[in-house]
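Some notes on the structure that comes next.
The values are calculated or read from the model by the stated rules, or taken from the named source; none is laboratory data. Predicted, not measured: the structure shown is a model, and the values here were computed from it. Cβ placement follows ideal geometry from the backbone for every residue including glycine, while neighbour counts extend to all protein chains displayed.
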């Protein structure tokens with residue numbers, strides 16, 4: 001149980017285009033989903049937290065107009081990198097939690113490697 | 001954001017040997033510490049959630065201890081096997097269900 005999928009696993013795009021990444025909880029309802037980014041040899045850095053039906057809460061320094069997050073249902077959240085540039089090339093990974101407000105376990109997807117040319 | 005540090009960053013272990021590594025985190029306003037195991041091209045897999053000072057948890061040959069007063073946790077692997085090769089992440093909870101991660105301990109078990 002508690003499986004999270006992420007699609008695509010790898011994407012290469014041209015500078016200026018937008019890329020959408022999907023995160024799905026396959027066998028549970030995710031009250032809260034999280035989006036992280038990881039640069040080489042660095043730690044996973046939280047970008048934003050989203051609750052189903054609500055606007056996402058972005059961490060300091062993360063541009064909400066550049067990284068659009070939609071959490072339209074209890075099993076799906078999407079991250080859209082708008083007008084991507086080479087500096088947005090990174091590893092993006094989502095996680096999902098069954099409850100909010102407590103230190104509940106987060107279940108992770110396998111991640112998406114984004115390369116912007 | 002919390003500063004979570006893990007050491008060593010990478011280590012090679014001979015099959016059958018035991019090993020351990022450290023996660024340090026701010027001890028003030030501590031809520032919980034999570035350990036994850038992350039194999040290449042797979043999803044990070046939760047190992048432990050630890051909340052109380054002195055907590056010890058075990059899963060097979062892997063165990064962890066927690067010292068919230070001094071802000072560290074140890075992860076132990078007993079009798080390492082090649083399938084233990086992975087990156088082990090620790091993360092400290094810091095409110096609103098958010099986690100601050102360390103860079104990970106990359107373990108390579110040599111057959």
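Considering only residues that are within 28 Å of residue B:4 (Cα to Cα) and either in a loop (DSSP other than H, G, I, E, B) or touching a residue at least 12 places away in the same chain (Cβ under 8 Å) (or both), which ones fall in the stretch A:56-70? Show your work before the answer.
Kept after step one, since they are within 28 Å of residue B:4 (Cα to Cα), are these residues of the stretch A:56-70: A:56-64, A:66-69.
Passing the criteria: A:56, A:59, A:60, A:61, A:62, A:63, A:64, A:66, A:67, A:68, A:69.
Identify all residues within the stretch A:71-99 that are at pLDDT below 95, surrounded by fewer than 15 Cβ atoms within 10 Å (Cβ to Cβ) and in a loop (DSSP other than H, G, I, E, B); write none if there are none.
Matches in the stretch A:71-99: A:99 only.
For the stretch B:76-97, which positions are away from chain A (no Cβ under 12 Å) and either outside any strand (DSSP E or B) or surrounded by 20 or more Cβ atoms within 10 Å (Cβ to Cβ) (or both)? Outline the logic, then answer.
Step one: of the stretch B:76-97, the residues away from chain A (no Cβ under 12 Å) are B:76-86, B:88.
Of everything in the stretch B:76-97, those that are away from chain A (no Cβ under 12 Å) and either outside any strand (DSSP E or B) or surrounded by 20 or more Cβ atoms within 10 Å (Cβ to Cβ) (or both) turn out to be B:77, B:78, B:79, B:80, B:81, B:82, B:83, B:84, B:85, B:86, B:88.
Would you say residue B:42 is in contact (Cβ under 8 Å) with a residue 12 or more places away in the chain and assigned to a loop (DSSP other than H, G, I, E, B)?
Taking the combined requirement at face value, the residue does not satisfy it.
So residue B:100 clears everything in (1) facing chain A (nearest Cβ under 8 Å); (2) on the phi < 0 side of the Ramachandran plot; (3) surrounded by fewer than 18 Cβ atoms within 10 Å (Cβ to Cβ) except one condition, right? Which one?
So residue B:100 meets the others, but not (3).
When the stretch A:35-86 is examined, which residues are found to be touching a strand residue (DSSP E or B) at 6+ places or on another chain (Cβ under 8 Å) and at positive phi?
A:53
Looking at the stretch B:10-39, which of the residues that are at pLDDT 95 or above, in a loop (DSSP other than H, G, I, E, B) and within 13 Å of chain A (Cβ to nearest Cβ) is farthest from residue A:23 (Cα to Cα)?
Looking at the filtered set, the residue picked out is B:25.
Only one of B:70, B:15, B:56 is surrounded by fewer than 18 Cβ atoms within 10 Å (Cβ to Cβ), touching a helix residue (DSSP H, G or I) at 6+ places or on another chain (Cβ under 7 Å) and more than 22 Å from residue A:93 (Cβ to Cβ); which? I'd like the intermediate steps shown before the answer.
Numbers: B:70 fails: touching a helix residue (DSSP H, G or I) at 6+ places or on another chain (Cβ under 7 Å); B:56 fails: touching a helix residue (DSSP H, G or I) at 6+ places or on another chain (Cβ under 7 Å).
Every option except B:15 fails the conditions.
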